[in-house]
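Report on the structure given below.
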Amino acid sequence: MQIFKTGKQVTQAVKNVQRLRVILTTFGRHGLQEFLIRMGFQRYLPTFSKSEEIEKLTVPERLRMAFESLGPAFIKLGQLFGNRPDMIPEAFIEEFKKLQDHVAPLPFETIRLQIERELGGKLEDHYSFFNPNPLASASIGQVHEARLKNGGKDAEDVVVKVQRPDIEKIIKTDISILMFLANMVEKYIPELRLIRPTQVIEEFFVMLQYELDFIVEANTTQKVAENFRNHSKVVIPKVYRKVTTRRILTLERLHGVRITDVEKLKELNINPSELVEVGARAFFKMVLQDGLFHGDLHGGNLFAIKDPTSGESKIGVIDFGIVGRLSQKSRDSFSRMLLYLILEDYDSLCYEYAELGATGTGIDFDGFQREVRNALSPHMGLNLRDVNVGVVLINSTKVAFKYRIQVPSDWMIVFKAIFTLEGLGRQLDPDFDLLTIGQELIKSLIKDRYSLERLAKDFAWIARDISALLQIAPRQIRWMIKKFNSNDFAFEMKLKEMEVLRRQIERSFRGLGFSVVCSGFFIAAALSLQNSTQPVLAGHYSLPFLVFSILGAIGFLFLLLRHWR
């Protein structure tokens with residue numbers, strides 16, 4: 001068994017090397033050789049003829065095209081970078097927005113086999129109708145419309161999300177190579193260390209793990225549906241567990257029109273202003289109350305639904321593959337941030353950023369405050385409806401990143417969602433005012449934060465920690481006193497600068513000592529030459545002279561080499 005296991009590992013390693021070569025060649029073909037050479041990959045790069053078309057393109061354009069050529073993992077990574085305007089320059093952000101996660105659909109027979117492998121039995125055992133033509137096709141999977149087979153009667157219309165066969169293995173291989181490249185970037189390209197490439201890839205891997213497991217998406221969808229069970233105007237699709245696995249997801253199909261289709265909204269007599277207000281209130285509830293929110297709120301994931309019975313306008317939300325999560329502490333902090341925006345208290349906003357993600361000492365907080373105030377000064381004094389909250393938060397985050405204040409990735413998902421929601425809202429209603437809609441909820445949450453119930457809960461946590469401290473403190477104090485009274489008690493201080501200075505002094509003294517020894521050899525050679533009785537002009541030298549001269553020359557060469565290094 002060990003032989004087979006070892007053979008499998010070797011095979012995987014060979015595949016990784018082959019894939020790495022493909023990745024490097026693709027980057028080189030798109031004119032990105034400079035970065036690869038700086039990382040020491042020049043020996044693995046074939047010779048490329050200069051393409052005039054490539055030379056005309058900018059570096060962001062070349063990188064986006066390379067990502068598109070390399071498949072799903074790189075496309076998803078580019079999309080992730082597109083959501084991090086705090087770390088990535090604007091030119092790259094604009095290019096990464098163009099990354100399209102659309103690929104050629106798989107043959108229907110491949111889809112059939114995947115479903116039957118996952119669910120067991122025949123496709124017809126589970127669905128009375130299954131459209132072989134997909135509604136959408138992406139790098140991870142594709143979506144088909146179908147109808148459930150319930151006890152012999154055709155009842156519920158569904159959509160079925162089917163994962164592409166072997167996509168998990170392909171992505172895991174690419175992730176391992178991306179982690180290797182991230183380490184090389186941190187080692188050889190110092191100007192990119194600030195964005196923490198390895199940490200970005202680690203977060204990216206976790207995100208993709210969730211996206212590849214449809215059970216996680218099913219659980220999230222059900223949780224959000226539970227959170228909105230008392231909100232009749234928000235519709236979350238039902239999950240059908242009996243026909244859902246890690247690679248197959250079956251959801252209720254929402255019959256509606258895209259929220260951005262203004263003409264069809266008019267035909268259905270749906271008021272766009274009312275609809276975007278419902279959507280904004282739902283978003284604030286997800287972020288500020290529930291702590292579980294949709295991370296990709298664009299027009300393709302939002303539907304306008306007209307209830308045929310009551311005539312009520314509703315908003316349907318689909319695709320919970322990408323979500324964000326905020327703890328209670330983070331929700332409280334975000335509520336305060338929005339309140340500070342309403343009050344134009346930008347200094348307090350800076351303090352919230354510093355508490356969120358300060359990663360080290362030596363932060364120039366005064367400079368940070370001054371630069372945030374300058375960046376946000378165009379928004380001061382405006383009516384709330386004229387303040388673009390998403391832009392304000394993203395610009396503040398860019399300044400924070402400049403001052404080495406790292407904002408967690410879930411917060412960037414929130415800020416980007418607000419930015420997208422504001423753009424969508426103003427597209428449907430020019431008077432859309434996100435802050436005014438959320439103002440009542442924000443103030444209510446701030447008030448609740450200092451309610452007797454919340455304060456009592458906080459006090460209970462503090463009391464628990466104090467109790468634990470009081471239990472352990474006497475023992476620790478007794479141990480310290482005992483240690484202090486012992487004869488071998490001593491404080492040990494370690495300073496990084498002192499350690500560097502110590503090594504430099506040791507190195508200098510070693511070099512000085514070696515120089516003295518070499519000088520001694522040369523002096524000994526000179527003395528032996530002076531005392532020699534053999535005729536020097538005839539080319540005859542004494543043995544001591546030759547020995548001491550050779551030793552001195554070797555020592556001199558050694559010192560010279562050390563100096564060059």
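The values are calculated or read from the model by the stated rules, or taken from the named source; none is laboratory data. Keep in mind it's a predicted model, so treat the numbers as computed, not measured. All Cβ positions, even for glycine, are placed from backbone atoms using ideal geometry, and neighbour counts span all protein chains on display.
Only one residue in Phe368, Phe334, Phe320 is over 24 Å from Val276 (Cα atoms) and surrounded by 20 or more Cβ atoms within 10 Å (Cβ to Cβ), so which one is that?
The unique qualifying residue is Phe368.
Might you let me know whether the range 51-64 holds any residue that is at pLDDT 80 or above, outside the structural domain of Ile413 (by TED's automatic domain parsing) and buried (at least 19 other Cβ atoms within 10 Å of the Cβ)?
Yes, some residue in the range 51-64 is at pLDDT 80 or above, outside the structural domain of Ile413 (by TED's automatic domain parsing) and buried (at least 19 other Cβ atoms within 10 Å of the Cβ).
Name every residue in the range 279-302 that is aliphatic (A, V, I, L, M) and modelled with pLDDT of 85 or more, in order of residue number.
Within the range 279-302, Ala280, Ala282, Met286, Val287, Leu288, Leu292, Leu302 qualify.
Suppose we filter the range 72-100 for residues that are farther than 20 Å from Ile171 by Cβ and assigned to a helix (DSSP H, G or I); how many remain?
6
Go through the residues of the range 247-269 one by one and say whether even a single one is buried (at least 17 other Cβ atoms within 10 Å of the Cβ), among the acidic types (Asp, Glu) and out of contact with any Cys (no Cβ under 6 Å at 6 or more places or on another chain).
yes
So Ile140 ticks every box in (1) over 27 Å from Gly82 (Cα atoms); (2) among the hydrophobic types (A, V, I, L, M, F, W, C); (3) touching an Asp or Glu at 6+ places or on another chain (Cβ under 8 Å) but one. Which box is left unticked?
(1)
Mind checking whether some residue in the range 97-111 is of a type in the set (S, T, N, Q), surrounded by fewer than 18 Cβ atoms within 10 Å (Cβ to Cβ), out of contact with any strand residue (DSSP E or B) (no Cβ under 8 Å at 6 or more places or on another chain) and in contact (Cβ under 8 Å) with a residue 40 or more places away in the chain?
Checked the range 97-111: at least one residue is of a type in the set (S, T, N, Q), surrounded by fewer than 18 Cβ atoms within 10 Å (Cβ to Cβ), out of contact with any strand residue (DSSP E or B) (no Cβ under 8 Å at 6 or more places or on another chain) and in contact (Cβ under 8 Å) with a residue 40 or more places away in the chain.
Is the range 225-239 home to any residue that is at pLDDT 90 or above, in a helix (DSSP H, G or I), of a type in the set (Asp, Glu) and on the phi < 0 side of the Ramachandran plot?
yes
With without any contact (Cβ under 8 Å) to a residue 40 or more places away in the chain and either of a type in the set (Ser, Thr, Tyr) or outside the structural domain of Gly316 (by TED's automatic domain parsing) (or both) as the only criterion, which of Val216, Val234, Val243 stands out?
Val216
Per-residue answers, yes or no, for (1) touching a helix residue (DSSP H, G or I) at 6+ places or on another chain (Cβ under 6 Å); (2) within 30 Å of Ala225 (Cβ to Cβ):
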{"site": "Thr309", "(1), (2)": "no, yes"}
{"site": "Glu312", "(1), (2)": "no, yes"}
{"site": "Phe320", "(1), (2)": "yes, yes"}
{"site": "Val323", "(1), (2)": "yes, yes"}
{"site": "Ile363", "(1), (2)": "no, no"}
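Name the residue, out of Glu217, Glu168, that is crowded, with 17+ Cβ neighbours inside 10 Å and either touching a strand residue (DSSP E or B) at 6+ places or on another chain (Cβ under 9 Å) or among the small types (Gly, Ala, Ser) (or both).
One residue alone meets the criteria, Glu217.
So if I check each of Ile305, Ile322, Ile342, which one is of a type in the set (A, V, I, L, M) and modelled with pLDDT of 90 or more?
When all the criteria are applied, what remains is Ile305.
Given the residues Leu148, Leu178, Leu192, which is the only one that is in a helix (DSSP H, G or I), outside the structural domain of Asn83 (by TED's automatic domain parsing) and touching a residue at least 24 places away in the same chain (Cβ under 8 Å)?
The unique qualifying residue is Leu178.
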